[in-house]
Each structure stands twice: as C-alpha cells, then as structure tokens.
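Here's the structure, in structure tokens; my notes come after.
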Amino acid sequence: MKLASISVYPVKSAAGHDVPEAEVQPWGLAGDRRYLITDAAGDILTAREEPRLLACVPVLDEEVLTLTGPHAEPLRIVPGTARSTVDVWGDPVELTDCGDEAAAWLSALAGQPLRLKWLDDPTRRPVDPAYGRPDDRVSLADAYPLLLTSTASLDRLRDWIAETALERGEEPPEPLPMRRFRPNVVVEGAVEPFAEDEWKRVRIGEVVFRVTKGCDRCVLTTVDTATYTKGKEPIRTLSRHRKRDGKVWFGINLIPDGPGRIAQGDPVVVL
C-alpha cells in the first residue's frame, strides 16, 4: 500500500486542499483545523447547518491564513487578542477571535452574523480518554487528530450506490468524490475494501499511528461540494451496508505516536 493523497482543512467545515507532504504534529497535520466559525450565539457553526461555508477556501502560506471565496476579495487573517471559550463537541476550549474584518467577510458569505476563531495553543484540547492516552491532544477536528480512508473502500461504496439507484429505478449518480468524507490521508494499493476496520496500528512513511475507532458519518457527507445542496447519498447506501450501533461508518481515526513527516507515495504498512 501507499499514501495516495494528503489533505489539510485549515478552517473547520470550510474547503480543504491537497498537499504533497505534511508535518505530523501530536494534534494533527500542521495547519489542519486550527480555526473554526461561530454563529451569533457563539456556538460552532459547521457545513452541516450551513453548506455555504464550503465555498470558503482557506489558503495557508507558512502560518499565514488567507480566505478566498466567490463573494469578496481574498482576506488575510490577522488574529486579535480577545479570547472566549467555545464548546467544541463537549470540550470547553479557549479560542482567539480573528477580528471584525474576518467576521464581516464570513457573514457576507453565509448571510448571517459569524465570527472566526483560532486555536493558538493546540495543546489545550485532550482526546477522549476512552480512546486516547492522557497526553494525547487534538486540534479542532471533531474528535481525533487524523482521519484515514482507502480508495478500495470508496470504490466498493460507489458500486453499492450505483446498485441502490438501479434498484430504485434511478439513474446512477456520478461517482462519489472522496472529498465528501474530508479525510486527511487516503491510502491505495493491495488492500481489500474496509480492511482498515481491523487495523490497530499503521505506519505511514516514518510515522506510526494508533487506530482509535472507526469514523461514524453525518449529514455533511451528503452535501455536494460543487452546488452546496444536500442529497441522500452516501448515507442512504451506508445505512444498508455499513450500519451498526445506530450509526453508519466510513474511515478510521488515527493518533500519531510521535511527530514526523509524511509525503504522497510513502509506503503504508499495517503493524
């Protein structure tokens, strides 16, 4: 197996982009999910509720973040000093506000009052102790530092989706893109579909990762990243083939055992 692609999502629930290589830090890939968006009440707003956030394309140059979008000129982000505590899926995390200009840019994109927050210190948020060690940390990802998927599993899911459509007398849809699942690392090669379900440890390049658990999927996977509209897939088909404990599953969550670098084409070895 080898590493087919690496993706970074600088702003939680905004668009991501592929990179040829990345630094693995204890809390995730360098630059990944260090920013999030809050609504007028100060709560997290994600593309689950507001798909137009996916039209925001954050571009990282070293440590400098620039937001680009269809509605305004690109905006270079300069975080301020004001801090507030935001509930990140049950974790109270102190975040730094990115100022009124960033707030106005995002509010214009989504048509509602929004603010951009920055996790200046990624050591603040621990991983769920049920799956991590006391010193494990995670940035602003849903729960774990990295998400891994495989091309073999996506190919099988695409076949299932086509079968579902034909059974219902529908036209088979265009092949589902991997970006719907927002993985950090995608592997390809001599692996059976969903073989990753059974992995406990995996080495990518020079970095060893622990597998915590599978990734249960939400309605965000049904949002078309080109039109920002919601459909039925892949949740409809995953519910037929990949449902357990009342949830549907695709991909696995990883915690790095230590820092290092990974690059596209690196060997992937199950330990």
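Tabulated results
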read-out: Residue match in the stretch 33-54 (condition: free of Cβ contacts under 8 Å to residues at least 12 places away in the same chain, at positive phi and surrounded by fewer than 20 Cβ atoms within 10 Å (Cβ to Cβ)); value: no
read-out: Members of the stretch 90-113 found to be on the phi > 0 side of the Ramachandran plot and under 20 Å from the mean Cα position of the chain (by Cα), listed by number; value: G90
read-out: All strands (runs of 3 or more DSSP E) inside the stretch 1-51 with 3 or more residues being modelled with pLDDT of 95 or more, within 24 Å of P177 (Cα to Cα) and in contact with a Pro (Cβ under 9 Å, 6 or more places away or on another chain); value: 2-8
read-out: Of residues in the stretch 61-91 being without any contact (Cβ under 8 Å) to a residue 12 or more places away in the chain and outside any loop (DSSP other than H, G, I, E, B), the one nearest to L45 (Cα to Cα); value: T85
read-out: Criterion violated by E94 - all others in (1) acidic (D, E); (2) modelled with pLDDT under 95; (3) under 19 Å from D43 (Cβ atoms) satisfied; value: (2)
read-out: So V202, is it touching a strand residue (DSSP E or B) at 6+ places or on another chain (Cβ under 6 Å), over 29 Å from V57 (Cβ atoms) and of a type in the set (A, V, I, L, M); value: yes
read-out: When residues of the stretch 92-101 are limited to those that are touching a residue at least 24 places away in the same chain (Cβ under 8 Å) and of a type in the set (D, E), the one farthest from P126 (Cα to Cα); value: E101
read-out: Criterion: surrounded by fewer than 22 Cβ atoms within 10 Å (Cβ to Cβ) and of a type outside the set (A, V, I, L, M, F, W, C) - qualifying residue of G16, G28; value: G16
read-out: Near pairs, Cβ below 6 angstrom, 6+ apart or cross-chain, from the stretch 184-197 (on the phi > 0 side of the Ramachandran plot) to any residue that is outside any loop (DSSP other than H, G, I, E, B) and surrounded by fewer than 16 Cβ atoms within 10 Å (Cβ to Cβ); value: G189/K2
read-out: Filter result for the condition that a residue is touching a residue at least 40 places away in the same chain (Cβ under 8 Å), touching an Asp or Glu at 6+ places or on another chain (Cβ under 8 Å), at negative phi and assigned to a loop (DSSP other than H, G, I, E, B), over L176, L116, L148; value: L176
read-out: Every residue from the stretch 32-88 that is more than 13 Å from S13 (Cβ to Cβ) and either touching a His at 6+ places or on another chain (Cβ under 7 Å) or polar (S, T, N, Q) (or both); value: T66, T68, T81, S84, T85
read-out: In the stretch 132-159, the residues that are out of contact with any strand residue (DSSP E or B) (no Cβ under 9 Å at 6 or more places or on another chain), of a type outside the set (K, R) and within 30 Å of G28 (Cβ to Cβ); value: D155
read-out: The one condition in (1) under 21 Å from the mean Cα position of the chain (by Cα); (2) under 30 Å from T212 (Cα atoms); (3) at pLDDT 95 or above that T85 fails to fulfil; value: (1)
read-out: Boolean, A104 is part of a helix (DSSP H, G or I), under 27 Å from T225 (Cβ atoms), free of Cβ contacts under 8 Å to residues at least 60 places away in the same chain and out of contact with any Ser or Thr (no Cβ under 8 Å at 6 or more places or on another chain); value: yes
read-out: Any hit, the stretch 174-190, residues being of a type in the set (K, R) and over 30 Å from A110 (Cβ atoms); value: no
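The values are calculated or read from the model by the stated rules, or taken from the named source; none is laboratory data. Treat the numbers as computed from the prediction; the structure is a model and nothing was measured. For neighbour counting, all protein chains shown are included, and Cβ atoms are generated from backbone atoms with ideal geometry for every residue, glycine included.
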